[in-house]
Amino acid sequence: MKIGVISLGCDKNRIDTENMLAFLEKDGYTFTGDPADSDIIVVNTCAFIDDAKQESIDTILEMSDYKQNGKCKCLVVSGCLSQRYMDSLVEELPEVDIFVGTANYRELPVLIKDFVNNHSKIAIKNDINKRDFTKSRVLTTPYHYAYLKIAEGCNNNCTYCAIPKIRGKFTSRPMEEIVEEAEKIVAKYAVKELNIVAQDITRYGKDLYGELKLVELLDRLENVDCRWIRLLYCYPELVTDQLIEKIAKSEKIVKYIDIPMQHAQDKILKRMNRHVRQELLQNLLDKLRKVVPNIVIRTTFIVGFPDETEEDFNTLYEFVKKNRFDKCGFFAYSREDGTPAYDFENQVPEEIKKQRVSALYALQEEIMAEKANNLIGKIVPVMYEEVDFDNQCFIGRMAEDAPEIDRVVYFTASKPVDIGEIYNIKITERIGLDLKGELV
């Protein structure tokens, strides 16, 4: 039987999908990218904010049409939306045959067989602290890069965030298991870039070994036969001097760090239950740029948190303007049921949230455009990723750009190029926030 799988949400959810595919493949299933050709369709969902929940529901309803008009015999919904709202979804989405939570993937082959044989609907929600770490994966990214999950869950308990209620407490994976998985996927798929992910990678090891172990883990991963190692989702209060020195001195760890800051006004940071204040954030930024020259810093901010005044927003705006981040995402606060902030007074009207997000994006686009213009005429290393047949050129990424979320480089070449290899590209122009160049 053929299975079609749609993975929504973050890269951590994608890894869950890849683990799921490994269990299904072992049980004899084959995969297809065409829902109309699928005997079974699995939607691995996200439920982080309202937009993600709506995308998940819309996708489920779209896939349910293939039960009527295609060959689909079984529709499965898994992941965060299923885990968080299973009781209500069973009633509201009768089109779905199997609901499973965030850690039931090992059981899925048996559950599918049970439904196909008995046609009895199944709904299984797991304990949020259940862990099913596995080294078995079917890579769904292009083979030259992969994500590597080093922990599950989160202990930070930010007042706006539902992740601890969906994914449970922070749990590190054993170091040997992570390194073995990295070696395995690099050997099997010839992966050139490892992107290290978790809800908070800087906390790695504290629960398992009694002390922070991210730097030691990176020491081990540097021996894996890949070209780039990228650090995503580093909480600012745990970006230690030791970690900064490691980034500075390593030949494999790219000079790129993702540090979600969420705000820059102390009152708002306190109400968010963030463990930093603006002074610490500024000191960290200054230290990073001093110790790691030309480091690329990506961050995110939440706009319109309850009680955010115009003055509070202006503090954030000026912080972004002063620090000129290389990459930056802005999100309107999403009021999530079950979180402390849901009941906070002085909720900000949606229209004001949108205006503030738009103002910050306009500022950030100016900053990024100026930084891109500074690269025109320079020769930079670019990892080739795919072909743009419409424009008759190749597409790649610099080390300072993470896959799927950052800019790309369009380039031409007079000789053959190989996907995953790195080439020197002379930048000739800016296209929006992307770049264009030619192989030299």
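The values are calculated or read from the model by the stated rules, or taken from the named source; none is laboratory data. A quick note: this is a predicted structure, and the numbers were derived from the prediction, not measured. Quick reminder, even Gly has a Cβ in these numbers, built from the backbone with ideal geometry, and neighbours come from all protein chains shown. SASA here: full protein model, heavy atoms, side chains in, ligands and nucleic acids out. Shrake-Rupley method; radii C 1.70, N 1.55, O 1.52, S 1.80 Å.
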Expressed as a percent, the accessible surface of the range 38-78 that is carbon or sulfur, using a 1.4 Å probe and the full set of protein chains, is 44 percent
Just how much of Leu433 is accessible, in Å², when a 1.4 Å probe is used and the result is rounded to the nearest 10?
-> 60 Å²
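Pop out the carbon and sulfur fraction of the accessible area of the range 89-247 as a percent, whole number, probe 1.4 Å. Mind dumping the intermediate values first?
Numbers: 2940 of 6250 Å².
About 47 percent, which is the carbon plus sulfur part of the accessible surface.
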From the Cα centre of the range 342-361 to that of the range 322-339, the distance in Å is 11 Å
Distance from the range 151-198 to the range 293-314 (C-alpha centre basis), Å = 26 Å
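What dipole magnitude, in Debye to the nearest 20, does the range 286-385 give about its Cα centre under +1 on Lys/Arg Cβ and -1 on Asp/Glu Cβ? Walk me through the intermediate numbers first.
Details: 14 positive and 18 negative charges, 185 e Å.
Dipole of the range 286-385, to the nearest 20 debye: 880 debye.
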Accessible surface, per residue, of the range 128-240 when the full set of protein chains is kept, probe 1.4 Å, Å² | 35 Å²
Cβ-based charge dipole, the range 1-64, positive-most Cα from Ile40, Thr59, Ala22 = Ala22
Hey, which aspartates and glutamates would be in cross-link range of Lys26, C-alpha to C-alpha under 18 Å, not counting anything within fewer than 8 residues on its own chain?
-> Asp16, Glu18, Asp39, Glu107, Asp114, Asp132, Glu181
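How big is D for the range 280-347, in µm² s⁻¹ as a whole number, if Stokes-Einstein is applied with the Kirkwood radius of its Cα pairs at 10 °C and 1.306 mPa s? Walk me through the intermediate numbers first.
Values: Rh = 13.9 Å.
Stokes-Einstein gives a translational diffusion coefficient of 114 µm²/s.
Only four residue types carry charge here, +1 at the Cβ of Lys and Arg and -1 at the Cβ of Asp and Glu. Report the dipole size of the chain about the Cα centre in Debye, rounded to the nearest 20.
Numbers: 60 positive and 74 negative charges, 217 e Å.
The dipole of the chain has a size of about 1040 debye.
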In the range 277-323, taking the dipole from +1 charges on Lys and Arg beta carbons and -1 charges on Asp and Glu beta carbons about the Cα centre, the listed residue (Ile295, Leu281, Phe319) farthest towards the positive end is Ile295
Cα pair distances in the chain, grouped into 10 Å bins until the bin that holds the longest one, percent each = 4, 19, 28, 28, 17, 3, 0
Percent of accessible area on the range 354-401 owned by carbon and sulfur, 1.4 Å probe?
-> 50 percent
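Mind ranking 95-108, 116-129, 363-376 by how tightly packed they are, going by the mean number of other C-beta atoms within 10 angstrom, highest first? Could the numbers behind the result be given before it?
Working: 95-108: 21.9, 116-129: 13.4, 363-376: 15.3.
Order by mean packing, descending: 95-108, 363-376, 116-129.
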Those Cys residues of the chain for which no other cysteine Cβ falls under 4.7 Å | Cys10, Cys46, Cys72, Cys74, Cys80, Cys154, Cys226, Cys234, Cys328, Cys393
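Residues of the range 357-420: accessible area per residue at 1.4 Å, in Å²?
Working: 3270 Å² over 64 residues.
On a per-residue basis, 51 Å².
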Once the other residues with Cβ under 10 Å from the Cβ of Cys393 are scored (Lys, Arg +1; Asp, Glu -1), what is the net sum?
-> -2
Could you list, bin by bin from short to long, the percent of Cα-Cα pairs of the range 70-170 in 10 Å steps?
-> 13, 37, 34, 14, 1
Check: the range 15-72 dipole with +1 on Lys, Arg Cβ and -1 on Asp, Glu Cβ, in debye | 220 debye
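Here are some pairs, Lys213/Lys255; Lys12/Lys378; Lys188/Lys426; which of them have Cα atoms lying more than 30 Å apart in this structure?
Numbers: Lys213/Lys255 20 Å; Lys12/Lys378 35 Å; Lys188/Lys426 32 Å.
Table pairs above 30 Å Cα-Cα are Lys12/Lys378; Lys188/Lys426.
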